[in-house]
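Notes follow the structure.
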Amino acid sequence: MIFGNTDIGGFIGRVTGTTTLILNCYQDSLVMGNSTPGINVGGFIGHCYAGSVTNVSNSWAQGSVVGTAYGGIGGFIGKTESAVLGVFYSYANAIINYYN
């Protein structure tokens with residue numbers, strides 16, 4: 001289980017202003033945002049900030065993702081914010097749960 005407050009990801013919590021290349025990676029666990037604030041929760045990456053360049057290839061996320069309705073939540077990526085993102089041959093098999 002992976003548990004936190006903000007920018008929580010099963011593999012990476014936060015990508016900021018960098019060029020990131022992720023190859024042949026996976027995660028299989030519960031990713032959960034705390035109830036306050038519990039925002040930007042993703043099965044693989046929590047949050048790709050503005051100015052970041054992220055390429056993900058041949059990677060996957062599996063498991064449950066739990067977060068609040070106040071931020072981004074996603075099976076693979078919780079939130080992107082003016083980021084350059086390339087996802088190739090990758091997928092998420094996730095159960096998404098959110099609460100207010």
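Test of understanding: among Gly78, Gly46, which residue is under 18 Å from Gly4 (Cα atoms), in a strand (DSSP E or B) and in contact (Cβ under 8 Å) with a residue 60 or more places away in the chain?
Unique residue meeting the criteria: Gly78.
Name the residue that is nearest to Ile95 (Cα to Cα), counting only residues in the range 1-21 that are assigned to a strand (DSSP E or B) and of a type outside the set (A, V, I, L, M, F, W, C).
Restricting to residues being assigned to a strand (DSSP E or B) and of a type outside the set (A, V, I, L, M, F, W, C), the top hit is Gly9.
Show the residue pairs meeting these rules: Cβ distance below 9 Å; 6+ apart or different chains; first residue within the range 11-33 and surrounded by fewer than 18 Cβ atoms within 10 Å (Cβ to Cβ); second residue charged (D, E, K, R).
From residues that are surrounded by fewer than 18 Cβ atoms within 10 Å (Cβ to Cβ), the pairs are Arg14/Asp7.
Search the range 57-75 for residues that are outside any strand (DSSP E or B) and pair each with any residue that is crowded, with 21+ Cβ neighbours inside 10 Å and polar (S, T, N, Q) when their beta-carbon atoms are under 7 Å apart and the residues are at least 6 apart or on different chains.
Short answer, once both residue conditions are applied: Gly71/Asn40; Gly72/Asn40.
All of the numbers you see were taken from the coordinates with simple rules; none came from a lab. Keep in mind the model is a prediction, meaning the values are calculated, not measured. So basically every Cβ, Gly included, is an ideal-geometry build from the backbone, and we count neighbours across all protein chains shown.
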